[in-house]
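Some notes on the structure that comes next.
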Amino acid sequence: MVILKSDVDVEGVREAARIASQALRVAKDLIREGVSAKDIDDAVRDFIISQGARPSFLGYEVEDKIYRYSTCVSINNEIVHGLPLHSKVLKAPMLIKVDVGVYKDGYHADTAWTFALGNVPEKARKLMMATKEALYRALDVIRPGRKISDVTFTIDRVARRYGFYPAENLTGHGVGLELHEDPVIPNNPKDLDKDGRIRRGMILAIEPMINESTERIVTLHDGWTVVTADGGWSAHYEHTIFVSADGVEILTEDVDG
Ligand code: MF3
Ligand code: CO
Ligand code: CO
């Protein structure tokens, strides 16, 4: 069921989104060799709590599993849902994807970004650029009346134009009262099932995950970490956005620069 948002709801998500973006900056400022993914998780959790908010991911239940962390930290070939473990130590060159959700006064926001540590290969730089471009081009097509599949086809087209692949089985989603609401917004066209219209009042998390060399994914035995099937690297950018009468208002922030 799609939950359309009122102006009051939008202000609530806007505040959660502001905190989520600041939390990503906290993560970004920590990124250097020797820091562990747990250090990032601890700092992000403490920051979110200092803002009178709660990490949306902490205690999140999917199927019969409970997520025990405040962030997902996914490295190189890890696409998403990487666990922020003490044993995961940053070392150049690395692509680090940090995903964070914030719950404040009844509203969730969700945002993710990709950071390069050190001299990553040229192909990885191009992958980051392509994935970020896919996000912003997808936001450009969103307006009331457009189809969900228009978003999917845009992400796919940008990925393939650069010779890359949108990850299968991984999607954007509605967000706001819950972390994950309808509609489901596939990144890969083969995951399109029933299509739907984008409507004014939707709040959506748009989150292209794009892989260097295959669309295929594998979930590790930890039950969470999703990796590329061939070990190629992956990038991920996610904004929470509001669909207004004439287009999109981006509620989370670009944390580059
Ligand atoms: N990566 C997901 C998203 O952005 C949320 C992760 S839920 C968790 O929608 F429990 F795995 F953290
Ligand atoms: Co997210
Ligand atoms: Co999301």
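Per-structure values
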item	result
V175 being of a type in the set (A, V, I, L, M, F, W, C) and within 11 Å of ligand 1 (Cβ to nearest atom)	yes
Residue match in region 134-148 (condition: in contact with a strand residue (DSSP E or B) (Cβ under 6 Å, 6 or more places away or on another chain), in a loop (DSSP other than H, G, I, E, B) and within 18 Å of E78 (Cα to Cα))	no
Qualifying position, being within 27 Å of D46 (Cα to Cα), modelled with pLDDT of 95 or more and within 16 Å of ligand 3 (Cβ to nearest atom), among A112, A92	A112
Filter pass, I66 being in contact with a Gly (Cβ under 7 Å, 6 or more places away or on another chain) and more than 13 Å from ligand 3 (Cβ to nearest atom)	yes
Breaking point among (1) in a strand (DSSP E or B); (2) within 16 Å of ligand 2 (Cβ to nearest atom), for A116	(2)
Failed item in (1) within 15 Å of ligand 1 (Cβ to nearest atom); (2) within 26 Å of A130 (Cα to Cα), with E212 passing the rest	(1)
Restricting region 79-113 to residues that are among the small types (G, A, S) and within 16 Å of R14 (Cβ to Cβ), the residue that is surrounded by the most Cβ atoms within 10 Å (Cβ to Cβ)	A109
Those residues of region 153-172 which are of a type outside the set (A, V, I, L, M, F, W, C), away from ligand 1 (no atom under 16 Å from the Cβ) and either open to solvent by 70 Å² or more (accessible area, probe 1.4 Å) or in a loop (DSSP other than H, G, I, E, B) (or both), in sequence order	R157, R160, R161, Y162, G163, Y165
Flag for E11 being outside any helix (DSSP H, G or I) and acidic (D, E)	no
Residue match in region 166-183 (condition: free of Cβ contacts under 8 Å to residues at least 40 places away in the same chain and more than 14 Å from ligand 3 (Cβ to nearest atom))	no
Looking only at region 126-152, and only at residues there that are of a type in the set (K, R) and within 18 Å of the chain's Cα centre (by Cα), the one that is surrounded by the fewest Cβ atoms within 10 Å (Cβ to Cβ)	R137
Condition met for K38 (under 30 Å from S213 (Cα atoms), in a helix (DSSP H, G or I) and at pLDDT 95 or above)	yes
Sole residue being more than 16 Å from ligand 2 (Cβ to nearest atom), free of Cβ contacts under 8 Å to residues at least 24 places away in the same chain and either among the polar types (S, T, N, Q) or at negative phi (or both), chosen from D156, D193, D246	D193
Unmet requirement for D29, which otherwise passes all of (1) open to solvent by less than 40 Å² (accessible area, probe 1.4 Å); (2) not in a loop (DSSP other than H, G, I, E, B)	(1)
Filter result (more than 9 Å from ligand 1 (Cβ to nearest atom), closer than 18 Å to T225 by Cα, under 19 Å from the mean Cα position of the chain (by Cα) and in contact (Cβ under 8 Å) with a residue 40 or more places away in the chain) within region 86-114	L95, I96, K97, V98, W113, T114
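The values are calculated or read from the model by the stated rules, or taken from the named source; none is laboratory data. The shown structure was predicted, so the numbers you read here are calculated from the model rather than taken from an experiment. Counting neighbours? That spans all protein chains shown, and the Cβs are built from the backbone with ideal geometry, glycine included. All accessible areas refer to the heavy atoms of the entire protein, side chains included, with ligands and DNA or RNA removed. Shrake-Rupley method; radii C 1.70, N 1.55, O 1.52, S 1.80 Å.
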